[in-house]
Amino acid sequence: MFKFNHNIIDSNHLQNILGEFDKNLKALIYYFSTNIIVTTKEVHIESDNNKLIKKIEDVFNCLYLISLQKISIRERDTVYVASIIDEYEISEIVEFYKNRHEIVKNISGKSLYPKTFTQVEYIKSLNKNDVILSYGPAGVGKTYIAVCDAVKKFKAGQYSKIILSRPIVEAGESLGFLPGEIKEKVDPYLTPLYDSLYELLGRRTVDEYIENGIIEIAPLAYMRGRTLENAYVILDEAQNTTKKQIKLFLTRLGFNAKMVITGDLTQIDLMNAKDSGLKYAIEKLDGIPGIKIMEFKKNDVVRNPLVQRIIERFGDD
């Protein structure tokens, strides 16, 4: 048991910390695998582990200071704070939440903000570099933030089009057996990208942009011979490109173009994982000015906290 640093917590702040129907508290109980009972004065922890008790105390006091900034605390925030409380000072975490800058607004006008320290660094990298290779587990926001950045910069007039690409099958680009035109063949593989675009621009606008060539769906097999200029280009699932494909893609870079390459090195579907183009590019391109390599870790996962445990159990399998 410990007392809050601020004596009695205002009921509104307490509700913000615990979440609607105690969702935030339940997430922390699951994360720490121990029962936690909270009152306006005290936090009771069913554990004899002093180190764990101190860690939970720091988490609650950090969340309270975040709440004082009039920031709405969600489940993902409580889990993220818990996951980094040993890595950062409480004051640093509070400043992170206090000073986050909007990435972009979605179609409903809701502001979208970075959710982790790494996402903030990622956004800075997207502003400074022409080529960004980002890799890490599912759910860290690699592709979503890239799409947000593409939409924001397209709206600002920095680029005239957005190009989306990804390897279609494990080691090749076998589109011939699929029915329909290129868009119909590729669409099933690009659902996550479409979902992000629909959220940011609306379905009607996205469909109109695709029809007019402003948003382009370009399988890797169709990149050969092109030079991509005045375009924001995103290559998703790049861990399943071959070395030749990643080289082909990267050498399409033209003037006033940005390339964002995303992937997860633990989900390589090629016959031989050593043939991964993303893995090869990370090794070969590290240290080149204008190219940034970003690694996301498991504590950057902003999905259900259960995902972190799944990632831990699977490891590199």
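Ordered by solvent-accessible area of protein heavy atoms (1.4 Å probe), largest first, the residues THR143, THR40 come out as THR40, THR143.
Under the shape rule built on the C-alpha gyration tensor, where the axes satisfy a ≥ b ≥ c, segment 1-133 is prolate, since a/c reaches at least 1.5 and a/b is greater than b/c. Working note: Karplus 6.51/-1.76/1.60 with θ = phi - 60° gives segment 281-289 the couplings 5, 4, 5, 7, 9, 4, x, 7, x Hz, where Gly and Pro are set to x. Taking all protein chains in place and a 1.4 Å probe, what share, in percent, of the accessible surface of the chain do carbon and sulfur account for? Its accessible area is 48 percent carbon and sulfur atoms.
Normalised by the number of residues in the chain, the mean separation of alpha-carbon contacts (under 8 Å, six or more apart) gives a relative contact order of 20 percent. With a 10 Å cut-off between alpha carbons and a GNM built on the chain, which of LEU285, LEU190, LEU265 moves the most? Maximum among the listed residues: LEU285. Think of each Lys and Arg Cβ as +1 and each Asp and Glu Cβ as -1; about the Cα centre, that makes the dipole of the chain roughly 660 debye. Using the rule -39500 (n - 2.57) for each DSSP H run of four or more residues, divided by the residues of the chain, the 222 nm mean residue ellipticity is -12500 deg cm²/dmol.
Exposed loop sites here mean GluC sites (Glu not before Pro) with a DSSP loop assignment and at most 13 other beta-carbon atoms within 10 Å; the chain contains its longest site-free run at 182-317. For ARG166, the amide hydrogen comes within under 5 Å of the amide hydrogens of LEU220, ASP236, counting only partners 5 or more places away or on other chains and with H modelled in the peptide plane.
In a fully extended conformation the segment linking MET271 and LEU52 would gain 74.5 nm over its present Cα-Cα distance, using 0.36 nm per residue. Accessible area per residue (1.4 Å probe, heavy atoms of protein chains only) ranks SER67, SER108 as SER108, SER67, with the largest value leading. The alpha carbon centroids of segment 203-222 and segment 14-42 are separated by 45 Å. Estimated translational diffusion coefficient (Stokes-Einstein, Kirkwood radius over Cα pairs, 37 °C, 0.692 mPa s) of segment 88-173: 221 µm² per second. Counting only heavy atoms of the protein chains and using a 1.4 Å probe, THR242 has close to 40 Å² of accessible surface.
Quick one, which of (1) 19.6; (2) 22.1; (3) 21.4 is the actual Kirkwood radius over Cα pairs in Å calculated for this model? Matching the structure shown: (3). Ranking LEU65, LEU250, ILE17 by Cα position along the charge dipole of the chain, where only Lys, Arg, Asp and Glu carry charges on their C-beta atoms, puts LEU250 farthest toward the positive end. For segment 248-293, the solvent-accessible area of protein heavy atoms averages 53 Å² per residue (probe radius 1.4 Å; ligands and nucleic acids excluded).
Karplus-based coupling profile of segment 10-24, in residue order and whole Hz: 4, 4, 5, 5, 4, 4, 4, 5, 6, x, 4, 6, 6, 5, 5, with θ = phi - 60° in 6.51 cos²θ - 1.76 cosθ + 1.60 and x standing for Gly or Pro. Output the pairs from LYS124/LYS155; LYS26/LYS98; LYS153/LYS258 with a Cα-Cα distance over 20 Å in this structure; if there are none, say none. In this structure, LYS26/LYS98 lie more than 20 Å apart at Cα.
Projecting the Cα atoms of ASN99, VAL233, ASN212 onto the charge dipole of the chain, computed from C-beta unit charges around the Cα centre, puts ASN212 farthest toward the positive end. The string of couplings for segment 65-81 from the Karplus curve (6.51, -1.76, 1.60, θ = phi - 60°) is 5, 5, 4, 4, 7, 6, 9, 6, 9, 10, 3, 4, 5, 5, 5, 5, 4 Hz, one whole number per residue in order, with x for Gly and Pro.
Here segment 187-276 is assigned +1 on the Cβ of each Lys and Arg and -1 on the Cβ of each Asp and Glu. Its dipole about the Cα centre then comes out at about 580 debye.
Extension gain, GLU208 to GLU283: 0.36 nm times the residue separation minus the Cα-Cα distance gives 23.1 nm.
The values are calculated or read from the model by the stated rules, or taken from the named source; none is laboratory data. Just so it is clear, the model here is predicted, and its values are computed rather than measured. No Cβ is skipped: glycine too gets one built from the backbone with ideal geometry, and neighbour counts run over all protein chains shown. When the accessible area is computed, the model is the full protein with side chains, heavy atoms only, and any ligands, DNA or RNA have been set aside. Shrake-Rupley method; radii C 1.70, N 1.55, O 1.52, S 1.80 Å.
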